[in-house]
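**Student:** The structure's right below; bear with me while I get my questions together.
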Amino acid sequence: STSSGWSVRPDQPLLVLGAAGGIDPNPSVVQAQPRDFARVLPASAAMFEEELGFSPFAGGAAQYRDRVERLIQAGRVFIDPGPRDAGGPLRFKADIGLLSSRCAQIQGVWMAPAARGRGLAASAMAAVVDYVRLQAPVVSLYVNAYNTPALRTYGRVGFERRGTFATVLY
């Protein structure tokens, strides 16, 4: 809901990985490398704009570019590069926002519009989860309750609802 420039998202399920969902991980999903920055940046910006409704470059392009670059350098961005021939747009991207020896939070999940609805997201997420579980025993994420395709995908991978967040954006 929106009022006076405020946007409230009252129902954002907190999902935690339970038992594996039996989805084979997509072997094309890899950790992004610094050389992938030019392909990761537009995917990151597209995810941001779809989620928040405005460009991440509007409030400081240099800071946003730096954030994406730091995530890549830290090994916290996973991508499905898609066709490798022309270096075109990525097919999938996910970030690891929080990572400790006890838990990790996946964020910034994005699927290229041309690849949506084809059943590719679950195997891509399964690949990210496999990596993250080597680092931390608890894997979580949160999503908007109205994003039913994402909720279905995360359920197939083995995520279960454990709580609810609410976010106020201004």
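The values are calculated or read from the model by the stated rules, or taken from the named source; none is laboratory data. If you're wondering where the values come from, they're calculated on a predicted model, not measured in any experiment. For neighbour counting, all protein chains shown are included, and Cβ atoms are generated from backbone atoms with ideal geometry for every residue, glycine included.
**Student:** Where residues in the stretch 49-79 are modelled with pLDDT of 95 or more and of a type in the set (D, E), which of them is nearest to D36 (Cα to Cα)?
**Tutor:** So, considering only residues that are modelled with pLDDT of 95 or more and of a type in the set (D, E), the one nearest to D36 (Cα to Cα) is E69.
**Student:** Please name all residue pairs, on different chains or six or more residues apart, with Cβ atoms under 8 Å, provided the first residue is in the stretch 117-132 and is surrounded by 20 or more Cβ atoms within 10 Å (Cβ to Cβ) and the second residue is in a helix (DSSP H, G or I) and aromatic (F, W, Y).
**Tutor:** So the pair list comes out as M125/Y154.
**Student:** Assigned to a helix (DSSP H, G or I) and closer than 27 Å to A166 by Cβ: which single residue out of R35, R67 fits that description?
**Tutor:** R67
**Student:** Moving on. Inspect all residues belonging to the stretch 98-107 and state whether any of them is loosely packed, with under 11 Cβ neighbours inside 10 Å and of a type in the set (D, E, K, R).
**Tutor:** Taking every residue of the stretch 98-107 in turn, at least one turns out to be loosely packed, with under 11 Cβ neighbours inside 10 Å and of a type in the set (D, E, K, R).
A quick yes/no check of all residues on (1) over 27 Å from S7 (Cβ atoms); (2) of a type in the set (A, V, I, L, M):
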site: E69; (1), (2): yes, no
site: R116; (1), (2): no, no
site: A136; (1), (2): yes, yes
site: V139; (1), (2): yes, yes
site: R161; (1), (2): no, no
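**Student:** Show me the strands (runs of 3 or more DSSP E) found entirely inside the stretch 95-170 where at least 2 residues are closer than 20 Å to F78 by Cβ.
**Tutor:** The strands (runs of 3 or more DSSP E) meeting that bar are 103-111, 138-142.
**Student:** Across the stretch 1-50, what is the number of residues that are acidic (D, E), surrounded by fewer than 18 Cβ atoms within 10 Å (Cβ to Cβ) and in contact (Cβ under 8 Å) with a residue 24 or more places away in the chain?
**Tutor:** The number of residues fulfilling the criteria is 3.
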